[in-house]
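Scroll down for the structure; my scribbles are underneath it.
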Amino acid sequence: MLLEKLNWRYATKKMDASKTVAADKVDRIVEAARLAPTSSGLQPFQVIVVTNPEVRAKLRAAAYDQAQLTDGSAVLVFAAWDNYTAERIDQMLALTVAERGASSDTLSAYYERLKATYVPRDAQTNFEHAARQAYIGFGMSIAQAAFEGVDATPMEGFDPAQFDEILGLSGQGLRSVCILPLGYRAEEGDWLLGLKKIRRPTENFVTELA
């Protein structure tokens, strides 16, 4: 049950460096992000899966020396489009036509409206919109990791500019937004392990308008 898995997970503070997350589990965690809903279905972000120890060591240095990046066995970097462009939107139109087998005036008109909305806007506004879509995929991957019994530590505590340089993202029109180290919790050395999950009570979190 999903809620049981979400109660099991926590932001793991210390990973067991002797344990490796199986590749098929990582694949499914990434697939959850790929299947996530996004505004207009544009999927304006990518997931970079980093398993190379040397690269992860560089990322750790750019993430305030947080050990999960190297003690875990993979780091997922969620990188949003730096801007919406006509070319990127047209590529999604072409993919839709290829997958569904036919085009239509209605479909073409819809994508033309998207271009008319997004393309004239300033790049920073578009990036911030794309970043919000990346966070939807980020959340789906966190949930899937819990379903797989894999520990994960959602992070914003890193230097995005350094990550972009290390991973060569700027040349791809991408900007790093959030990261998700994957691994298995250590039996000792994690101050958060075993502590009760703290969340606001439902009556202070949910407002019902009947």
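Which one of VAL30, TRP191, ALA63 is farthest out on the positive end of the charge dipole of the chain, using unit charges on Cβ (Lys, Arg +1; Asp, Glu -1) and the Cα centre as origin?
Selected residue: TRP191.
Explain nothing, just the number: dipole magnitude of the range 1-134 about its Cα centre with +1 on each Lys and Arg Cβ and -1 on each Asp and Glu Cβ, in debye rounded to the nearest 20. Walk me through the numbers on the way to the answer.
Numbers: 17 positive and 16 negative charges, 91 e Å.
Taking the Cα centre of the range 1-134 as origin, the dipole is about 440 debye.
Roughly how many Å is it from the Cα centre of the range 186-210 to that of the range 95-146, as a whole number?
32
For the range 1-50, what is Rg from Cα atoms divided by 2.2 N^0.38 Å, rounded to two decimals? If you can, show how the numbers build up before the last one.
Working: Rg = 14.1 Å, N = 50, 2.2 N^0.38 = 9.7 Å.
That works out to 1.45 for the range 1-50.
Among the chymotrypsin sites (Phe, Trp or Tyr not before Pro) in the range 130-198, which ones are in a DSSP loop with at most 13 other Cβ atoms within 10 Å of the Cβ? Mind listing them? If you can, show how the numbers build up before the last one.
Numbers: sites: TYR135, PHE138, PHE147, PHE158, PHE163, TYR184, TRP191; in loops: PHE158, TYR184, TRP191.
Those satisfying the criteria are TRP191.
Quick one: what are the phi-derived ³J(HN,Hα) couplings along the range 145-154, Karplus 6.51/-1.76/1.60 with θ = phi - 60°, whole Hz, x for glycine and proline?
For the range 145-154, the Karplus curve yields 4, 4, 4, 7, x, 9, 7, 8, 10, x Hz.
Which cross-chain or sequence-distant (5 or more) residues have an amide H under 5 Å from the amide H of PHE45, H modelled 1.01 Å from N in plane?
TRP81
If I build a Gaussian network model for the chain, linking alpha-carbon pairs within less than 10 angstrom, which residue out of LYS14, LYS25, LYS197 has the largest mean-square fluctuation?
Per the Cα network of the chain with a 10 Å cutoff, LYS197 tops the list.
Quick one: what are the phi-derived ³J(HN,Hα) couplings along the range 28-37, Karplus 6.51/-1.76/1.60 with θ = phi - 60°, whole Hz, x for glycine and proline?
Couplings: 5, 5, 5, 4, 4, 5, 5, 8, 5, x Hz.
Enumerate the amide H contacts of MET15 below 5 Å, restricted to partners 5 or more residues apart or on another chain; note that Pro and chain-start residues carry no placed amide H.
Distant-sequence amide H within range of MET15: ALA186.
Normalising by the residue count of the chain, find the relative contact order in percent from Cα pairs under 8 Å and 6+ residues apart.
On the way: 314 pairs, mean separation 76.5, N = 210.
After rounding, I find 36 percent.
Using the 10 angstrom Cβ neighbour count as an exposure proxy, how do MET155, MET1 rank, fewest first?
Details: MET155 17, MET1 7.
With the sparsest Cβ surroundings first, the list reads MET1, MET155.
Which angle from 0 to 90°, rounded to the nearest 10, does the C-alpha axis of helix 105-118 make with the longest principal axis of the chain?
The angle comes out at about 60 degrees.
For the range 20-121, what are Rg and Dmax over the alpha carbons, in angstrom?
18.0, 53
Within 10 Å of each candidate Cβ there may be at most 12 other Cβ atoms; applying that plus a DSSP loop requirement, which chymotrypsin sites (Phe, Trp or Tyr not before Pro) in the range 1-99 survive?
Values: sites: TRP8, TYR10, PHE45, TYR64, PHE78, TRP81, TYR84; in loops: TYR10, TYR64, TYR84.
Within the range 1-99, the qualifying chymotrypsin sites (Phe, Trp or Tyr not before Pro) (loop, at most 12 other Cβ atoms within 10 Å) are TYR64.
Over the Cα atoms of the chain, what is the Rg over Rh ratio if Rh follows Kirkwood?
Working: Rg = 19.2 Å, Rh = 18.7 Å.
Result for the chain is an Rg/Rh of 1.02.
From the helices alone, meaning DSSP H stretches of at least four residues, give me the mean residue ellipticity at 222 nm for the chain, per-run term -39500 (n - 2.57), in deg cm²/dmol to the nearest 500. Mind showing how you got there, number by number?
Numbers: 9 runs with 98 residues, N = 210.
So the calculated ellipticity at 222 nm is -14000 deg cm²/dmol.
Amide H neighbours of CYS178 under 5 Å, counting only residues 5+ apart in sequence or on other chains, H built in-plane at 1.01 Å?
Close amide H contacts, sequence-distant or interchain: PHE78.
Readers should treat all values here as calculations from the given coordinates under stated rules, not as data from a laboratory. Everything numeric in this text was worked out from a predicted model, so none of it was measured. Counting neighbours? That spans all protein chains shown, and the Cβs are built from the backbone with ideal geometry, glycine included.
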